[in-house]
Amino acid sequence: MTLYRPLSILFTWEFGDDLGHIARLRPVAEELQRRGHDVVFAASRLKKIFALPASLTVIPAPGPLTEAVRDSIREPATFADILYNAGTAHGDVLSGIVRAWRGIFDLVKPDIVVQDYSPYALLALQGYQTRSLLLGTGFACPPDICPLPDIRAWQNHYPDRLQMTEQQVLKALNRQLARQAQPALKGIGELYTRVDANCLATFPELDHYPERAKTTPVPPNYVGVWSDLGGAQPGWPEGKGPRIFAYLNQFKALNRLLDHLGNSGFSCIVYLSANIDVRRWQSDSLHFVDTPLDMDRASSECDMAILHAGHGSTASLLLAGKPLLQLPFNVEQFHTAKNTERLGAGVMAMIDDPVGIIRAFDQMVADATKHEAARDFANRHRNFDAATSMHNVVNQIEEMAATA
């Protein structure tokens, strides 16, 4: 039970397609509901809502309107580029999205809004007396830096173009804030300081913006990771050598990687999120599963893993002290993979480079320093407890909402 009156709590999720958002928000929402509060979930990614319990009320929410953008940036290099591609600087798109969000706020009348990767909901909330708390990874919360960091710094995206786009997006945000009778932003990242609390669901070593700690007057509030999506228990096949856990989608070099895993004779379990016939690879040592595995069990029982650098999965495996072969699909995953390499706890390879993937896998198996670095990460965070951290966030939401 709770010491507080029944509270109205609204969760929002706009950007990003990964189930990791649901995995992070669901246990918090369920615990608040268990304590007797009214919880509503507003999401634009309705295809992922199946992972929420039926007891939670779900409202369709506005989100990125990429179809309104005819001159989208093919490879977004800053958070401003991401907002530009979502329609922020295009005509009346932004005002329509904000109007829809404010309609949701008026309908729900929340005591607090808990936001994960919801820049438009955050913008729409400016001027309301409702309390607000951010709960997302570092990628979903850019630092208050001008200009914004280049997240594709290895490419030449021309500083003038980046600055021009950032100024276009900033002007659009400020036009909307003026409609709401709110003060203008000096930079896009400043919007993320106009909240009551920011709980970064990551660890300092895995923050997508390592500049953050050097540029903020207040130390970032890192709360770690948790998930309750559950999953099947891993049943390890017979095999020699290390146990390999792989969580993969379909990509160009997948066949070569599966060939190599099969030929290795190692005990391998592959969860493959792709509609392909795996019978040619199925063997006594290489097993495929078609439902997600319990990540905690898989992390503790494997010796190394192969991922697409999903943030939550990466953190779970590093907390278990397991090194990683990272095969990123997008720029967010690329930075998670680079952070893993920076720790010395993994190797990254490109999904269209079969030779590089095989070389990286063999390096992971043979290089004891990768395993040692992963164990070092686990040792640094040995006192972290996911359930305790999650409940601390729930307690903070309750206290903030009750004192609104």
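Checking the conditions here, which among 312, 356 is closer than 16 Å to residue 139 by Cβ and out of contact with any strand residue (DSSP E or B) (no Cβ under 8 Å at 6 or more places or on another chain)? Explain how you work it out, then say what you get.
Working: 356 fails: closer than 16 Å to residue 139 by Cβ.
Exactly one of 312, 356 is closer than 16 Å to residue 139 by Cβ and out of contact with any strand residue (DSSP E or B) (no Cβ under 8 Å at 6 or more places or on another chain), namely 312.
Out of all the residues in the stretch 261-288, which are loosely packed, with under 15 Cβ neighbours inside 10 Å and either among the basic types (Lys, Arg) or touching a residue at least 40 places away in the same chain (Cβ under 8 Å) (or both)?
279, 280, 284
I'd like the residue in the stretch 296-317 that is more than 19 Å from residue 371 (Cβ to Cβ) and not charged (D, E, K, R) and, out of all such residues, is farthest from the chain's Cα centre (by Cα).
Filtering first and then ranking leaves 308.
Kindly evaluate residue 9 against the criterion of being part of a strand (DSSP E or B) and touching a residue at least 60 places away in the same chain (Cβ under 8 Å). Spell out the reasoning first.
On the way: part of a strand (DSSP E or B): yes; touching a residue at least 60 places away in the same chain (Cβ under 8 Å): yes.
Taking the combined requirement at face value, the residue satisfies it.
Does residue 72 satisfy being under 21 Å from residue 334 (Cβ atoms) and open to solvent by 40 Å² or more (accessible area, probe 1.4 Å)?
On the way: under 21 Å from residue 334 (Cβ atoms): yes; open to solvent by 40 Å² or more (accessible area, probe 1.4 Å): yes.
Taking the combined requirement at face value, the residue satisfies it.
Pick out the one residue from 34, 70, 24, 45 that is under 30 Å from residue 314 (Cα atoms) and over 22 Å from the mean Cα position of the chain (by Cα). Give the steps one after another, and end with the answer.
Details: 70 fails: under 30 Å from residue 314 (Cα atoms); 24 fails: over 22 Å from the mean Cα position of the chain (by Cα); 45 fails: over 22 Å from the mean Cα position of the chain (by Cα).
One residue alone meets the criteria, 34.
Could you go through the stretch 215-226 and let me know if any residue there is outside any loop (DSSP other than H, G, I, E, B), buried (at least 16 other Cβ atoms within 10 Å of the Cβ) and in contact with a helix residue (DSSP H, G or I) (Cβ under 7 Å, 6 or more places away or on another chain). First the steps, then the outcome.
Taking the stretch 215-226 as the starting set, the residues that turn out to be outside any loop (DSSP other than H, G, I, E, B) are 215, 222.
Keeping just the survivors that are buried (at least 16 other Cβ atoms within 10 Å of the Cβ) gives 222.
Next cut, in contact with a helix residue (DSSP H, G or I) (Cβ under 7 Å, 6 or more places away or on another chain) only: 222.
Taking every residue of the stretch 215-226 in turn, at least one turns out to be outside any loop (DSSP other than H, G, I, E, B), buried (at least 16 other Cβ atoms within 10 Å of the Cβ) and in contact with a helix residue (DSSP H, G or I) (Cβ under 7 Å, 6 or more places away or on another chain).
Of the numbered conditions (1) out of contact with any strand residue (DSSP E or B) (no Cβ under 6 Å at 6 or more places or on another chain); (2) within 30 Å of residue 383 (Cβ to Cβ); (3) open to solvent by 20 Å² or more (accessible area, probe 1.4 Å); (4) among the aromatic types (Phe, Trp, Tyr), residue 139 fails exactly one; give the number of that condition.
Every condition holds for residue 139 apart from (3).
Answer with yes or no whether residue 180 is touching a helix residue (DSSP H, G or I) at 6+ places or on another chain (Cβ under 8 Å) and polar (S, T, N, Q).
Values: touching a helix residue (DSSP H, G or I) at 6+ places or on another chain (Cβ under 8 Å): yes; polar (S, T, N, Q): yes.
Spelling it out, residue 180 is indeed touching a helix residue (DSSP H, G or I) at 6+ places or on another chain (Cβ under 8 Å) and polar (S, T, N, Q).
When you scan the stretch 185-214, how many residues do you find that are of a type in the set (Phe, Trp, Tyr) and assigned to a loop (DSSP other than H, G, I, E, B)? Let's see the steps before the verdict.
First, pick out the residues of the stretch 185-214 that are of a type in the set (Phe, Trp, Tyr): 192, 203, 209.
Pick out the ones that are also assigned to a loop (DSSP other than H, G, I, E, B) and you get 203, 209.
So the answer is 2.
If you take the residues in the stretch 357-404 that are of a type in the set (Val, Ile, Thr) and open to solvent by 30 Å² or more (accessible area, probe 1.4 Å), which one is farthest from the chain's Cα centre (by Cα)?
403
Please verify whether residue 7 is touching a His at 6+ places or on another chain (Cβ under 7 Å) and not hydroxyl-bearing (Ser, Thr, Tyr), treating the condition exactly as stated. Walk me through it before giving the result.
Details: touching a His at 6+ places or on another chain (Cβ under 7 Å): yes; not hydroxyl-bearing (Ser, Thr, Tyr): yes.
In short, yes.
If you check residue 212 against the conditions, is it over 19 Å from residue 296 (Cβ atoms), crowded, with 19+ Cβ neighbours inside 10 Å and basic (Lys, Arg)? Before you say what the answer is, go through the steps one by one.
On the way: over 19 Å from residue 296 (Cβ atoms): yes; crowded, with 19+ Cβ neighbours inside 10 Å: yes; basic (Lys, Arg): yes.
Yes, satisfied.
For residue 216, which of the numbered conditions (1) modelled with pLDDT of 95 or more; (2) touching a Pro at 6+ places or on another chain (Cβ under 9 Å) fails to hold?
Among (1) modelled with pLDDT of 95 or more; (2) touching a Pro at 6+ places or on another chain (Cβ under 9 Å), residue 216 violates only (1).
Check the stretch 95-109 and report whether any residue there is modelled with pLDDT of 90 or more, closer than 16 Å to residue 41 by Cβ and of a type in the set (Val, Ile, Thr).
Looking for residues that are modelled with pLDDT of 90 or more, closer than 16 Å to residue 41 by Cβ and of a type in the set (Val, Ile, Thr), one finds at least one in the stretch 95-109, hence yes.
Only one of 172, 124, 86 is open to solvent by less than 10 Å² (accessible area, probe 1.4 Å), over 25 Å from the mean Cα position of the chain (by Cα) and of a type outside the set (Ser, Thr, Tyr); which?
Values: 124 fails: over 25 Å from the mean Cα position of the chain (by Cα); 86 fails: over 25 Å from the mean Cα position of the chain (by Cα).
Answer to the selection: 172.
The values are calculated or read from the model by the stated rules, or taken from the named source; none is laboratory data. Because the structure is predicted, anything quoted here is derived from the model rather than measured. With ideal geometry, Cβ positions are generated from the backbone for all residues, glycine too; neighbour counts draw on all protein chains shown. When the accessible area is computed, the model is the full protein with side chains, heavy atoms only, and any ligands, DNA or RNA have been set aside. Shrake-Rupley method; radii C 1.70, N 1.55, O 1.52, S 1.80 Å.
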